[in-house]
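Novice: I have a structure here, written as structure tokens, and I will follow up with some questions on it.
The values are calculated or read from the model by the stated rules, or taken from the named source; none is laboratory data. What you are looking at is a predicted structure, and each value in this text was computed from that prediction instead of being measured. Positions of Cβ are generated from backbone atoms using ideal geometry, with glycine treated the same way; all protein chains shown enter the neighbour counts. Accessible surface is based on the protein model in full, side chains and every heavy atom, while ligands, DNA and RNA are left aside. Shrake-Rupley method; radii C 1.70, N 1.55, O 1.52, S 1.80 Å.
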Amino acid sequence: MHNTFEQMTVWGLITDASLLVQAVMLILLLASLLSWYLIIQRSAVLRRNERLMKDFQLRFRSGHDLAQLYREGSDGLDDDAGLQRIFQAGYHEFVQLKREPGIAGELVIDGVERSLLVAISEQEECLEKGLPFLATVGSVSPYIGLFGTVWGIMNSFIGLSQVQQATLSTVAPGIAEALIATAIGLFAAIPAVIAYNRFSARVATLTTRYYGFGNELQARLHRKLHAASSHVSAVA
């Protein structure tokens, strides 16, 4: 039984809604809770990744020996240390290829580049975890809420056909409970859309910096190979 116009409350409208509208509200509520969990979790991951990247870049550009940096990373890396993992992959390939007898320096650098591209793709995939779900919630939730609203209003008009005289007090509760579904849909969608756009921009920035670091590492390794070749030539 619907609340009267004077006694309407949000909770009362929800409890008086039809089962289908209540199911829609529950789905939207769960989607909203999952979205907020992902927003908090991905925000912490990206923030930590950015901090670790900044710390490692400072060490890398301060003239630290690459072999020493590699050994430090071999002891165990933080899951969010994306840039250091890329460095580990590239330098490991460099060490392995250098051991090949008679291999040309350009082939070593080409192998390092391929290894870096694979590592960057893996890190980009890690950074994008959860973003498709946020995009789905942001785009679908308003329509799910609208479906609940349409269904609720339809039931309200069906109920009106069974009364002799339609007044505001008989129409308002049914329409109000139907509109709550749309409100919950927007409540789920708006934060998800904002977070998705924000995180996508941060992931794109991190990925660009990963590629820049890859080029920087290749340049240092190329200079290292050239210096070693010049030293061998001078000794000969």
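Novice: Go through segment 132-156 and count every residue that is surrounded by 18 or more Cβ atoms within 10 Å (Cβ to Cβ) and either farther than 20 Å from residue 21 by Cα or without any contact (Cβ under 8 Å) to a residue 12 or more places away in the chain (or both).
Specialist: Here the count works out to 1.
A quick yes/no check of all residues on (1) under 24 Å from residue 142 (Cα atoms); (2) modelled with pLDDT of 85 or more; (3) assigned to a helix (DSSP H, G or I):
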site: 23; (1), (2), (3): yes, yes, yes
site: 28; (1), (2), (3): yes, yes, yes
site: 39; (1), (2), (3): yes, yes, yes
site: 44; (1), (2), (3): no, yes, yes
site: 56; (1), (2), (3): no, yes, yes
site: 69; (1), (2), (3): no, yes, yes
site: 76; (1), (2), (3): no, no, no
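Novice: Right, next: Looking at (1) at negative phi; (2) open to solvent by 50 Å² or more (accessible area, probe 1.4 Å), which one does residue 73 not meet, given that it meets all the others?
Specialist: Tallying (1) at negative phi; (2) open to solvent by 50 Å² or more (accessible area, probe 1.4 Å), residue 73 fails exactly one: (2).
Novice: Kindly indicate which of 35, 121, 62, 115 is of a type outside the set (A, V, I, L, M, F, W, C) and in contact with a Pro (Cβ under 7 Å, 6 or more places away or on another chain).
Specialist: 35
Novice: Evaluate the following for residue 27: is it β-branched (Val, Ile, Thr) and open to solvent by less than 40 Å² (accessible area, probe 1.4 Å)?
Specialist: Here the answer is no, as residue 27 does not meet what is asked.
Novice: To continue, here is another question. Among the listed residues 209, 198, which satisfies the condition of being on the phi < 0 side of the Ramachandran plot, in contact (Cβ under 8 Å) with a residue 24 or more places away in the chain and not aliphatic (A, V, I, L, M)? I'd like the intermediate steps shown before the answer.
Specialist: Numbers: 198 fails: in contact (Cβ under 8 Å) with a residue 24 or more places away in the chain.
Step by step, each of 209, 198 is checked, and only 209 is on the phi < 0 side of the Ramachandran plot, in contact (Cβ under 8 Å) with a residue 24 or more places away in the chain and not aliphatic (A, V, I, L, M).
Novice: Just need a number here: residues in segment 93-136 that are closer than 23 Å to residue 49 by Cβ, in a helix (DSSP H, G or I) and within 15 Å of the chain's Cα centre (by Cα).
Specialist: Qualifying residue count, segment 93-136: 12.
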